[in-house]
Amino acid sequence: MTDDVVVWNRLATLLPGTEAQEIKDCWDIGEQEAGLGLLVSGLLAHQVPVSETVRAEISVLAEVWGERESLTPRILQCRGDDTPAQLKLIEHADDIVNESAGGADPDAANLLVPWIACTRCGHALMRVHTRECWGDLSCLAANYVITSPERDAVLRMFPAGSARAAFATLLAECAVPTSDR
């Protein structure tokens with residue numbers, strides 16, 4: 001949680017003083033969901049340019065606090081800063097969902113949903129969802145995986161509730177040597 005509050009406070013400082021303090025106060029009183037909404041609304045209202053890495057960080061916080069699905073369209077609308085970044089938020093409504101091996105029962109197949117890509121090594125962090133009996137994807141990720149650049153191999157798997165750890169691993173285990181970064 002310590003890392004989350006550091007990221008939270010850094011993101012809050014992207015906005016003007018009073019609004020930044022409101023977002024910090026949301027953390028202090030346990031209203032992270034409201035604070036995320038205020039953060040994204042403020043970024044949009046002030047047309048604050050943000051990097052792809054910042055978009056990814058906001059998306060991870062939104063995932064952790066159960067707000068990713070509702071905030072993603074607005075996160076993607078935030079003004080970019082046009083600088084090269086190690087990460088790219090790749091979640092779009094029209095992304096292709098790749099089915100993974102689900103065993104003998106096709107209804108039990110897991111679906112890999114692209115989420116965040118490393119632009120340097122090509123690895124991708126994906127959310128793994130199950131298909132509900134009515135045909136939609138489960139709201140919550142069953143787990144998280146990091147895939148190869150071709151998306152044909154799972155390199156690492158993380159349990160449900162470990163979005164932070166999966167994201168940190170994507171950053172830390174970039175296959176491009178440090179000297180090339």
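The values are calculated or read from the model by the stated rules, or taken from the named source; none is laboratory data. Every value quoted in this text rests on a predicted model; they were computed, and no experiment measured them. Here Cβ is always computed from backbone atoms with ideal geometry, including for glycine, and neighbour counts include all displayed protein chains. For the accessible areas, the whole protein counts, side chains as well, though only heavy atoms, and no ligand, DNA or RNA atoms are used. Shrake-Rupley method; radii C 1.70, N 1.55, O 1.52, S 1.80 Å.
List of remarks:
- Rounded to the nearest 20 debye, the dipole magnitude of the chain is 460 debye, with +1 charges on Lys and Arg beta carbons, -1 on Asp and Glu beta carbons, and the Cα centre as origin.
- Taking 0.36 nm per residue of sequence separation and removing the Cα-Cα distance, the CYS139/GLN47 pair yields an extension gain of 30.1 nm.
- Between segment 111-137 and segment 14-44, the C-alpha centres lie 28 angstrom from each other.
- THR18, THR169, ranked by accessible area, largest first (probe 1.4 Å): THR18, THR169
- Judged by the mean number of other Cβ atoms found within 10 Å, the most tightly packed of the peptides 51-58, 146-153 leads the ranking 51-58, 146-153.
- Calculated accessible area for the chain comes out at 51 Å² per residue, all protein chains present (probe 1.4 Å; ligands, DNA, RNA ignored).
- Fluctuation leader among ASP81, ASP25, ASP136 - the chain, Gaussian network, Cα springs under 10 angstrom: ASP136
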